[in-house]
Amino acid sequence: MADHNLVSLESHILRGEALHPGSSGDFTWILSALSLAAKVIAAKVRRARIEDVLGAGGATNVHGETQQKLDIIANEVLMACLGDRPSLSVVASEEHEEPTILRLESDGGKYCVIFDPLDGSSNLDVCAGVGTIFSILRHEPGVLDPVAALCQPGIRQLAAGYILYGSSTVFVLTTGNGVDLFALDPSIGSFVLVTPNIRIPARGRTYSVNEAYSLTFPEGIRRYLAWAHGHGYSSRYIGSMVADVHRTLLNGGVFLYPPTAAHPGGKLRLLYEGNPMGMIIEQAGGRAVAIDGEGRFGPLLEVSPTTIHQRISAVLGSPQEVAAVLAHLPRVD
Ligand code: FBP
């Protein structure tokens, strides 16, 4: 273990960069901005009740959702940390209707970042796990429209990850070569590598879904839940995707947010929840599928986005548990 603790997030990324002769370091520079922002947000979350930054901030975001004070703070921290990275062209956030253009692709803007600054923030007041989710894409040459630059299928992500502000602060990252878990060591103020190359268990008899909505789920999902009830499954649901997917990644199982009456097209956001979490799960050996109102399904990371805040219904988790869900759904041929 001592050897692992000597590897910081930054040194791990630099090692990875050395494997790509000719790489400019710009990508590493972006990841270091996310690491810095995560430390600042972690400190704010830890002191939330002391500094009285809990509760609503008095405004609603572009989706009409009540913004928590920490949603606004986390968003500002991320925009500030990413804002001075010279290779970033476009940055987009759940809290902003439109993307922010930092510079043109022709002026050296090679990458785009889209993020959910504080996922599950409605859980803050009760000290449950919340998190930051991010996705990094290449800005395709010649694409002038910032929305088009961001609207790429999940398989085109260069990197994805999340930071979970829970009992400890962890940073989970993939750059397309497996998934690594770093923990923030407050004594040195650094994210250190604790679990390299995480593999999701093939099975895990735990499903994670808001069953309160089950009467409005597609029939196939209701059939799956009845089957799971009859096969000794347990249910775990925190109501914060970062926390629920993190548990699923480590312990196995399946996380679902199916279509509901309130969200017939799904509640999760494709570009800054579905795609990054889907890449993490698939890079760890799991499976991620999108499902529609009829319960039909297909690969989540192959969905072609059309808008940056579009919603999706998804099933993510252990390969055998996702297969168990899909076995109850009609197939799209
Ligand atoms: P936000 O984007 O508004 O944070 O909503 C996302 C989320 O909080 C997820 O983290 C979570 O999985 C889901 O919504 C919980 O939704 P519900 O309360 O309907 O179960």
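The values are calculated or read from the model by the stated rules, or taken from the named source; none is laboratory data. All values reported here derive from a predicted model rather than from experimental measurement. Here the Cβ is made from the backbone with ideal geometry for all residues, glycine too, and neighbour counts use every protein chain on show.
Values as computed for the structure displayed
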quantity: Matching helices (runs of 4 or more DSSP H) fully within segment 1-114 where at least 3 residues are among the polar types (S, T, N, Q); calculated: 26-46
quantity: Residue list for segment 296-312, restricted to those being surrounded by 15 or more Cβ atoms within 10 Å (Cβ to Cβ) and out of contact with any His (no Cβ under 8 Å at 6 or more places or on another chain); calculated: Arg296, Phe297, Pro299, Leu300, Leu301, Val303, Pro305, Ile308, Gln310, Ile312
quantity: Criterion: away from the ligand (no atom under 16 Å from the Cβ), more than 22 Å from Ser23 (Cα to Cα) and not hydrophobic (A, V, I, L, M, F, W, C) - qualifying residue of Thr132, Thr66, Thr100; calculated: Thr100
quantity: Residues located in segment 167-189, provided they are in a strand (DSSP E or B) and either among the hydrophobic types (A, V, I, L, M, F, W, C) or more than 14 Å from Thr132 (Cα to Cα) (or both); calculated: Val170, Phe171, Val172, Leu173, Thr174, Val179, Asp180, Leu181, Phe182, Ala183, Leu184, Asp185
quantity: Residue check for Ile281: over 26 Å from Leu215 (Cβ atoms) and buried (at least 23 other Cβ atoms within 10 Å of the Cβ); calculated: yes
quantity: Breaking point among (1) over 24 Å from Gly154 (Cα atoms); (2) at pLDDT 95 or above, for Ala18; calculated: (2)
quantity: Qualifying positions in segment 186-222 - of a type in the set (S, T, N, Q), within 16 Å of the ligand (Cβ to nearest atom) and over 25 Å from the mean Cα position of the chain (by Cα); calculated: Thr216
quantity: Lone qualifier among Glu219, Glu211, Glu140 - being surrounded by fewer than 16 Cβ atoms within 10 Å (Cβ to Cβ), touching a residue at least 12 places away in the same chain (Cβ under 8 Å) and within 23 Å of Ser89 (Cβ to Cβ); calculated: Glu140
quantity: Test result for Glu95, farther than 22 Å from Phe182 by Cα, within 13 Å of the ligand (Cβ to nearest atom), of a type in the set (D, E, K, R) and surrounded by fewer than 22 Cβ atoms within 10 Å (Cβ to Cβ); calculated: no
